[in-house]
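Chemist: Sharing a structure, written as structure tokens. Questions coming.
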Amino acid sequence: MAAFPLRREHFEIAIICVLKIEGDAVEALLTETFSGLGKAEHDENFYTTGILGGKPIVLVAPRGMGTLNAANAARDMRQSFTRIKLALVTGVAGGATSTPEGDEILLGDVLISTQILQSDFGRNYADVVKIKDGLADTLGRPRQELANFLNHLQRSKCVQVLTKRINEYITEDCLVDVPYPGHGNDHLFPSDYPHRHRGDHLACICEVCTSAGDPVCDEAQDSKCDALHCDIGTCVRRRRIQDCQEPVDIRSGLSQQQILRRQNANPVSGPALPAQIHFGIIASSSQVLKNSKLRDELVTTRNVIGFEMEGAGCWDTFPTIVVKSVCDYADSHKNKQWQSYASAMAACCARGIVEEWQTSQTMTNSSRSGRPF
Ligand SMILES: [Zn+2]
Ligand SMILES: [Zn+2]
């Protein structure tokens with residue numbers, strides 16, 4: 001019953017997700033899938049094609065994390081899908097704690113790139129800041145069509161609509177399988193609060209990193225906050241979390257009924273805090289950022305709102321927007337608790353963005369009439 005008899009040249013939108021959990025979240029939102037479209041001879045990618053938000057999209061997973069893998073996947077895709085006009089790099093990211101305008105960024109919020117900063121952090125020891133000179137450059141300005149589209153997305157009306165949509169989609173399409181982790185599990189430690197073994201704890205036998213000023217040992221870097229007894233009592237208070245008991249969050253645009261549905265769907269973790277969308281510069285690097293000092297430096301000096309690992313790889317090949325939801329604060333305390341929820345939230349936002357895209361294609365139905373997307 002394919003409503004869209006497609007050839008590969010009919011696809012204008014690519015979605016790139018490196019983690020399985022990110023790709024699964026997008027696939028869950030497809031209303032139709034296609035097979036038999038084939039690919040170019042030397043293209044090593046594997047594709048999922050389908051309808052998202054009423055338009056055909058092609059979904060691909062690079063072979064691994066990092067800008068190089070993303071660049072290879074994008075180049076191969078270019079051979080098979082020759083008319084891609086928009087690539088959405090979708091999934092999870094580390095977040096700044098607030099935007100340059102002072103808006104709080106919380107776990108589960110969605111970041112949309114207006115520019116991509118290619119960064120090379122060097123080695124990111126949890127307690128040492130090493131940023132290589134000259135290796136943090138903003139990639140070129142978006143091509144005109146992408147720049148126009150980004151302007152459209154940032155108009156207040158569109159931000160309102162997108163925000164409303166993502167908070168509805170996550171409730172209606174994903175929430176059953178992807179529980180909200182609970183805002184009680186959104187922990188922002190102060191930048192100077194270390195993720196290290198603590199000498200004041202009886203069980204600690206570490207000889208390397210028990211005192212302030214010690215380097216952080218490898219074992220501590222790979223341990224969870226619970227195991228190291230990081231004190232969540234020190235966490236920074238977040239205004240939106242404190243205000244979340246208010247009956248309706250104005251900015252979410254949710255109705256009272258939708259709020260109630262959320263509360264019923266989350267009897268354990270409490271109502272999901274409505275996510276917000278933030279536009280700004282996203283840093284893209286081949287290394288994972290787990291360093292609050294470096295995070296804060298890039299936020300202060302380069303106005304970065306988030307950190308991820310694929311966007312810069314796609315930029316040379318496709319007009320690219322990074323659409324990622326915050327699953328940690330890019331510090332040494334990071335863990336994976338928010339990954340599935342953030343993946344779903346990013347996928348919901350990608351769907352909202354696809355719905356806003358104006359295609360230049362007019363498809364013909366398999367038998368007859370023209371039908372614009
Ligand atoms: Zn240690
Ligand atoms: Zn910790």
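The values are calculated or read from the model by the stated rules, or taken from the named source; none is laboratory data. Bear in mind that the values here come from a model prediction, so they are computed numbers and not experimental data. Cβ: placed from backbone, ideal geometry, glycine included. Neighbour counts: every protein chain shown. All accessible areas refer to the heavy atoms of the entire protein, side chains included, with ligands and DNA or RNA removed. Shrake-Rupley method; radii C 1.70, N 1.55, O 1.52, S 1.80 Å.
Chemist: Residues of segment 34-57 being at pLDDT 95 or above and hydroxyl-bearing (Ser, Thr, Tyr), which ones?
Modeler: Matches in segment 34-57: Tyr47, Thr48, Thr49.
Each row is one residue, and each column tells you yes or no for (1) under 26 Å from Thr171 (Cα atoms); (2) open to solvent by less than 10 Å² (accessible area, probe 1.4 Å).
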{"site": "Gln276", "(1), (2)": "yes, no"}
{"site": "Lys290", "(1), (2)": "no, no"}
{"site": "Ser325", "(1), (2)": "yes, yes"}
{"site": "Asn335", "(1), (2)": "yes, no"}
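Chemist: In addition: For segment 345-360: of the residues being in contact with a Leu (Cβ under 8 Å, 6 or more places away or on another chain) and open to solvent by less than 20 Å² (accessible area, probe 1.4 Å), which is nearest to Thr97 (Cα to Cα)?
Modeler: Cys349
Chemist: For segment 16-34, enumerate the residues that are in a helix (DSSP H, G or I) and out of contact with any strand residue (DSSP E or B) (no Cβ under 7 Å at 6 or more places or on another chain).
Modeler: The answer is Lys20, Ile21, Asp24, Ala25.
Chemist: Based on what the data block shows, is Cys244 more than 16 Å from ligand 1 (Cβ to nearest atom), at pLDDT below 90 and touching a Pro at 6+ places or on another chain (Cβ under 8 Å)?
Modeler: Yes, satisfied.
Chemist: Another question about this same structure. If we keep just the residues of segment 178-235 that are of a type in the set (Asp, Glu) and within 14 Å of ligand 1 (Cβ to nearest atom), which is most open to solvent (accessible area, probe 1.4 Å)?
Modeler: So, considering only residues that are of a type in the set (Asp, Glu) and within 14 Å of ligand 1 (Cβ to nearest atom), the one most open to solvent (accessible area, probe 1.4 Å) is Glu207.
Chemist: Separate question: Look at Leu202 and say whether it is part of a loop (DSSP other than H, G, I, E, B), out of contact with any His (no Cβ under 8 Å at 6 or more places or on another chain), at pLDDT 90 or above and not assigned by TED's automatic domain parsing to the domain that holds Lys334.
Modeler: No; evaluated as a whole, the condition is false for this residue.
Chemist: Asp192: outside any helix (DSSP H, G or I) and either modelled with pLDDT of 80 or more or away from ligand 2 (no atom under 13 Å from the Cβ) (or both), yes or no?
Modeler: Details: outside any helix (DSSP H, G or I): yes; either modelled with pLDDT of 80 or more or away from ligand 2 (no atom under 13 Å from the Cβ) (or both): yes.
Yes, satisfied.
Residue by residue, here is whether (1) more than 19 Å from Val178 (Cβ to Cβ); (2) open to solvent by 30 Å² or more (accessible area, probe 1.4 Å); (3) hydrophobic (A, V, I, L, M, F, W, C) holds:
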residue	(1), (2), (3)
Leu6	yes, no, yes
Leu29	no, no, yes
Phe34	yes, yes, yes
Tyr47	yes, yes, no
Pro62	yes, no, no
Gly66	yes, no, no
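Chemist: Exactly one of these conditions fails for Lys336: (1) within 28 Å of Pro179 (Cβ to Cβ); (2) in contact (Cβ under 8 Å) with a residue 12 or more places away in the chain. Give me its number.
Modeler: With (1) within 28 Å of Pro179 (Cβ to Cβ); (2) in contact (Cβ under 8 Å) with a residue 12 or more places away in the chain applied to Lys336, the lone miss is (2).
Chemist: May I pose another question? For segment 292-307, give me the residue count where each residue is open to solvent by 20 Å² or more (accessible area, probe 1.4 Å) and touching a residue at least 12 places away in the same chain (Cβ under 8 Å).
Modeler: First, the residues of segment 292-307 that are open to solvent by 20 Å² or more (accessible area, probe 1.4 Å): 293, 296-297, 299-303.
This time we only want the ones that are touching a residue at least 12 places away in the same chain (Cβ under 8 Å), so: 293, 296-297, 299, 302-303.
Total meeting the criteria: 6.
Chemist: Please work out which one of (1) modelled with pLDDT of 90 or more; (2) within 11 Å of ligand 2 (Cβ to nearest atom); (3) part of a helix (DSSP H, G or I) is the condition Ala220 fails and give its number.
Modeler: Of the numbered conditions (1) modelled with pLDDT of 90 or more; (2) within 11 Å of ligand 2 (Cβ to nearest atom); (3) part of a helix (DSSP H, G or I), the odd one out for Ala220 is (1).
Chemist: Check every one of the strands (runs of 3 or more DSSP E) wholly within segment 47-115 and list those with 3 or more residues that are touching a Lys or Arg at 6+ places or on another chain (Cβ under 8 Å) and touching a residue at least 12 places away in the same chain (Cβ under 8 Å). Can you show your working first?
Modeler: Numbers: elements: 47-52, 55-60, 86-95.
So the answer is 86-95.
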